[in-house]
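This report refers to the structure that appears directly beneath it.
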Amino acid sequence: MTIGEKIKEKRKEKSLSMEKLAKLCGLAGRDTINKYESGIKTPSFQALEKIAAALGCDLEINFKQKLNEQ
């Protein structure tokens, strides 16, 4: 599972829209989350920290292995 797929999975578990997640993270908008989820763009570590915090999940447990694979 890619980082984008993991973000999408966790976002859907929390019943958040892409727009709502972007707002919670202080990111540019829905398009940014869409690019991450579709694999067009890889989030920076800082963005990933914000996403993990907004999703209420542990960055290391949920995304560390995925970062090492990419």
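Screening the range 23-41 for residues that are under 10 Å from residue 51 (Cβ atoms) and of a type in the set (A, V, I, L, M) and picking the one that is most open to solvent (accessible area, probe 1.4 Å) gives 24.
Among the residues making up the range 5-22, a single one is of a type in the set (S, T, N, Q) and either surrounded by 13 or more Cβ atoms within 10 Å (Cβ to Cβ) or over 13 Å from residue 34 (Cα atoms) (or both): 15.
One line per residue, one yes/no per condition, for (1) touching a helix residue (DSSP H, G or I) at 6+ places or on another chain (Cβ under 6 Å); (2) under 17 Å from residue 57 (Cα atoms); (3) at pLDDT below 95; (4) not in a helix (DSSP H, G or I):
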residue	(1), (2), (3), (4)
5	no, yes, yes, no
8	yes, yes, no, no
21	yes, yes, no, no
27	no, no, yes, yes
31	no, no, no, no
35	no, no, no, no
40	no, no, no, yes
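Answer yes or no as to whether residue 61 is at pLDDT 95 or above, open to solvent by 30 Å² or more (accessible area, probe 1.4 Å) and among the β-branched types (Val, Ile, Thr). Considered against the rule, which asks whether it is at pLDDT 95 or above, open to solvent by 30 Å² or more (accessible area, probe 1.4 Å) and among the β-branched types (Val, Ile, Thr), residue 61 comes out as no.
The values are calculated or read from the model by the stated rules, or taken from the named source; none is laboratory data. Here the structure is a predicted model, which is why all the values come from computation and not from measurement. No Cβ is skipped: glycine too gets one built from the backbone with ideal geometry, and neighbour counts run over all protein chains shown. Surface accessibility is based on the protein's heavy atoms, side chains included, excluding ligands, DNA and RNA. Shrake-Rupley method; radii C 1.70, N 1.55, O 1.52, S 1.80 Å.
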